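Undergrad: After the C-alpha cells below, expect a handful of questions from me.
What follows is calculated from the coordinates using simple rules that are stated; it is not laboratory data. Bear in mind the structure is a predicted one, so any value in this text is a computation, not a measurement. Note: ideal-geometry Cβ built from the backbone for every residue, glycine included; neighbour counts use all protein chains shown.
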Amino acid sequence: MNMANKKKVCVIGAGPSGMAALWNFSKLKSGNDVDVVCYEKQKSWGGLWNYSWRTGTDGYGEPCHAGMYKHLWSNGPKECLEFPDYTFEKHFGKAIPSYPPRPVIKDYLEGRWTSNVDLRPYIKFNTVVRHVEYNDLDKKFIVEITNLETDQSSKETFDYVIVATGIFNVPNVPDLPGIDTFEGTIQHVHNFRDAKEFKGQRLLIVGASYSAEDLALQCLKFGAKSVVCTWRTKPMGFNWPKGIEERPLVQKFDGNVAYFKDGSNAEIDAVIFCTGYKYSFPFMEGKLRLQSSLSMFPDNLYKGSVYLLGGNNQLFYMGIQDQLYSFTMFDVQALWICKYILRNISNEPKSLSEMKSNAQRWCQNCSELKKCHDEIDFQTKFIADLSKDVGYYPDATKAREMFYTWEHDKEKNIVTYRDQCFTSIYTGTKSPRPTAPWWQAKDDSIKAFVNKK
Ligand code: FAD
Ligand code: NA7
C-alpha cells in the first residue's frame, strides 16, 4: 500500500488502555496499512500506575494525572487481570502471590509492553493533546498538540482517534455544610500519597466504595488512631477491624467536630474525600465529547467503544467502563478497535441505527444491575461479546468465578482477603501464599514481594 493511502490513527494516552491499542496494532503487523501515533502527556508510559510525589500540577503546570499512592496493593487477584500470552509466572520466572503491590504490577505491564515488541517509537512523550475536532468534509480529525518540553504547539490530521485518557483522574469533590470551618486537613484521595502521614490521627473518610475501603484499612494499618467512613447510599458493610466504623452521611462540620445523619458526632483530625471521579475529556470538541458518569456501559458507544454522536464511526473511547476486569478487558477492547479500523471484524454492523439500538440494549441491561455479582456477570458478557467478534483466543472470561470468590473473601474478612491464593487460568499454577499477611506487609517493593525465600 502506498504511503498516501495509509490510515492514520491517533491514540491519546499511554496508560494500560492506550498501550493495549499499540500492542495490538503492532501484533496485527498492520504497519503496512496504518500509521499509529500515540500522544502521552507524562514523561513515561503506565498511566495511573506511575507513582509521583506531586499533587496539583506537574513540572509543566499541567494537572497531575495519577492519583496513585504508596503502599497500594492490587485490590483484585492478579489472576483476574493476567494477560493470556504473558503471565506473571513468565514475567517473574516463578509463581508469585495473588495480590501484588503497585510496583510489581507496573513491572509486569512493562514486561508485556517490551517483550518481543518495541512500542516506544509509536509514542510521543511529554506531549499533551489540547484539542480534537472532526471535519465532515474531508472526514478527518484535526488534533492539536503541545510539546511540553519545547512549549511548541502544532496540528496533525488523522483518520481515526482512540481516546484512552482514563476515567480516574479528575476528582469529584462535593461541598459539605460547614467544612470551611473544619480545623484539620482536607483532601481528595487523588492527592493522597502516604498513609503514614495520618499516624495517630482521627480520620473521616467520605464515600463507600473501593477507595474508601482501601484508605480506611491502609491508614489504620499504618497507624491512624481511628477511621469513620461516612456513606450516602449504603454502607460498605464489611466486618471491619477495631478502629474502623461506618456512619451515615455527615451533615455538617463545626470546628473539628463532624455531625452525622443518625444524630451522632465525632472529633476529627483529617478529612479524605473518596467520592470518586468525573469523566473529563475537555480536549474533545463538544459534539465529540463523551458525557457520562461512572458506568459499566456509558451511553452512545457501540460495543462500548465506537462513539455514535459524531466522528463518522472513526472515533473510539477505550477503558471508559467502570473496571472489574481492567487489563484483559482493555486488551480485547483494543483488539476489537484495531480490527474494526482494519475492517477485519466478523458481524460488522450494517447501519448506524443498528449500532445505536445495540448500544441502547447494553445500556438498558447495565442500568438494571444491582449487586456486585450482576456487575461481574455483565462485564464478563461484555468481554465475551467483543472476544467473539475478533477471535480473542484464550477464555479471559474464566476470571468470573474468581471474582465471585474474591467478593466472598472480602465479605468473610476484609483484612485477610489479600492473603488468599488463586490459580492462574493460563498456567494452571496456584499462587504461593504471601510470606507476610497483607496486614503486616509494609514493604511494597518488587524485591520484598517477589524475591523472598
Ligand atoms: P490511565 O491509567 O489513567 O492512563 C491514561 C493516560 O492518558 C495517562 O498516562 C495520562 O497521562 C494520559 N493522558 C490524559 N490526558 C491526556 C492528554 N490530553 N494528552 C495526552 N495524554 C493524556 N485497576 C486494577 O486492575 N487493579 C487495581 O488494583 C487498581 N487500583 C487502582 C487504584 C487507583 C487509586 C485508581 C485511581 C485506579 C485503580 N485501578 C486498578 C483502575 C485503573 O483505572 C486501571 O488499572 C488503569 O490504570 C486504567 O488505564 P487507562 O489507560 O484507561 O487510564
Ligand atoms: P467510586 O467507585 O466512584 O465511588 C465513589 C463513592 O463516593 C461512592 O461510594 C459514592 O456514594 C460516594 N459519593 C459520591 N458523591 C458523594 C457525595 N456528594 N456525598 C457522599 N458520598 C459521595 O470511586 P472510588 O474512588 O472509590 O473508586 C474508583 C477507582 O479507584 C476504583 O477502580 C478503585 O480500584 C480505585 P454513592 O454510593 O454514589 O452514594
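Undergrad: Measuring from label point to label point, each 7 Å out along Cα→Cβ, what is the residue 347 to residue 368 span in nm?
TA: Label-label distance for residue 347 and residue 368, simple model: 1.8 nm.
Undergrad: Pick out, in residue order, every one of the GluC sites (Glu not before Pro) in region 143-236 that is DSSP loop and has at most 14 other C-beta atoms within 10 Å; say none if there are none. Please report the intermediate quantities before stating the final value.
TA: Details: sites: 144, 149, 156, 183, 197, 213; in loops: 149, 183.
For GluC sites (Glu not before Pro) across region 143-236 that sit outside H, G, I, E and B with at most 14 neighbouring Cβ atoms in 10 Å, the list reads 149, 183.
Undergrad: By how many nm would the segment from residue 427 to residue 183 grow when fully extended, if each residue of separation counts as 0.36 nm and the alpha-carbon distance is taken off? Kindly include the intermediate steps, with their values, before the conclusion.
TA: Values: separation 244, 0.36 × 244 = 87.84 nm, distance 5.34 nm.
82.5 nm is the gain from fully extending residue 427 to residue 183.
Undergrad: Moving to a separate point now. Can you sort 335, 352 from fewest to most other Cβ atoms within 10 Å of each residue's own Cβ? Walk me through the numbers before you get to the answer.
TA: On the way: 335 25, 352 13.
Neighbour counts put them in this order, fewest first: 352, 335.
Undergrad: Beyond a 29 Å Cα-Cα separation, which of these cross-linked pairs lie in this structure: 78/261; 90/398; 370/398? Walk me through the numbers before you get to the answer.
TA: Numbers: 78/261 38 Å; 90/398 20 Å; 370/398 22 Å.
Distance filter (> 29 Å) returns 78/261.
Undergrad: List the trypsin sites (Lys or Arg not before Pro) within region 308-410 that DSSP assigns to loop and that have no more than 10 neighbouring Cβ atoms inside 10 Å. Numbers along the way, then the final one.
TA: Numbers: sites: 339, 343, 350, 356, 361, 370, 371, 381, 388, 398, 400, 410; in loops: 343, 350, 370, 371.
Qualifying residues, ordered by number: 343, 350, 370, 371.
Undergrad: Considering only 397, 423, 434, whose Cα is most displaced toward the positive end of the charge dipole of region 393-453, charges sitting on Cβ of Lys, Arg (+1) and Asp, Glu (-1)?
TA: Projecting each Cα onto the dipole axis, the largest value belongs to 434.
Undergrad: List the DSSP H helices in the chain whose Cα atoms stretch 24 Å or more along the helix axis and whose mean Kyte-Doolittle hydropathy is at least -0.5. Before the final figure, lay out the partial values.
TA: Values: long enough: 372-390 (28 Å, -0.35).
Result, helices passing both filters: 372-390.
Undergrad: With every atom except the alpha carbons ignored, what do you get for Rg and Dmax of region 174-273, in angstroms?
TA: Here Rg and the maximum Cα pair distance are 12.1, 33 Å.
Undergrad: Can I ask one more? Based only on other Cβ atoms within 10 Å, what is the fewest-to-most ordering of 8, 155? Kindly include the intermediate steps, with their values, before the conclusion.
TA: Details: 8 17, 155 11.
Starting with the residue having the fewest Cβ neighbours, the order is 155, 8.
Undergrad: Using 1/(1 + (r/R0)^6) with R0 = 25 angstrom and r between the beta carbons of residue 172 and residue 377, what's the FRET efficiency to the nearest 0.05? Please list the in-between numbers first.
TA: On the way: r = 27 Å, r/R0 = 1.08.
The calculated FRET efficiency here is 0.40.
Undergrad: Among 45-54, 318-327, 296-305, how do they line up from the highest to the lowest mean number of other beta-carbon atoms within 10 Å?
TA: Values: 45-54: 17.7, 318-327: 23.0, 296-305: 21.3.
Taking the mean over residues of other Cβ atoms within 10 Å, the ranking is 318-327, 296-305, 45-54.
Undergrad: How are the Cα pair distances of region 134-177 distributed, in percent, across 5 Å bins from 0?
TA: Percent of Cα pairs in each bin: 5, 15, 14, 15, 16, 14, 9, 6, 4, 2, 0.
Undergrad: Using a cut-off of 16 Å between alpha-carbon atoms, which aspartates and glutamates can reach residue 430, once sequence neighbours fewer than 8 places away in the same chain are excluded?
TA: Once the sequence-local aspartates and glutamates are set aside, what remains near residue 430 is 79, 82, 89, 401, 419.
Undergrad: Still on this model: Of the trypsin sites (Lys or Arg not before Pro) in region 236-287, which ones lie in a loop per DSSP and count no more than 11 other C-beta atoms within 10 Å? Intermediate results must be reported in sequence, preceding the final value.
TA: Values: sites: 242, 252, 261, 278, 287; in loops: 242, 261, 278.
Sparse-neighbourhood loop trypsin sites (Lys or Arg not before Pro): 242.
Undergrad: So for region 1-150, what are the equivalent ellipsoid semi-axes in whole Å, largest first, each being the square root of 5 times an eigenvalue of the Cα gyration tensor?
TA: Working: eigenvalues 180, 100, 26 Å².
That gives 30, 22, 11 Å for the three semi-axes.
Undergrad: Full-extension gain between residue 395 and residue 110, please, as 0.36 nm times their residue separation minus the C-alpha to C-alpha distance. Each step should come with its number before you reach the end.
TA: Working: separation 285, 0.36 × 285 = 102.60 nm, distance 2.28 nm.
The residue 395-residue 110 span can extend by a further 100.3 nm.
Undergrad: Sequence neighbours fewer than 8 away in the same chain don't count; with that in mind, list the lysines whose C-alpha is under 17 Å from residue 196.
TA: Excluding near neighbours in sequence, the set is 70, 221, 225, 442.
Undergrad: Compute the relative contact order of the chain as a whole-number percentage, counting only Cα pairs closer than 8 Å that sit 6 or more residues apart in sequence.
TA: Values: 862 pairs, mean separation 85.7, N = 453.
Answer for the chain is 19 percent.
Undergrad: Expressed in nm², what is the orientationally averaged projection area of the convex hull enclosing the Cα positions of the chain? Before the final figure, lay out each step's value.
TA: Numbers: hull surface 88.2 nm².
Mean projected area for the chain: 22.0 nm², to one decimal.
Undergrad: If neighbour count is taken as other Cβ atoms inside 10 Å, put 34, 189, 163 in order from fewest to most.
TA: Details: 34 18, 189 23, 163 26.
Ascending number of Cβ neighbours within 10 Å: 34, 189, 163.
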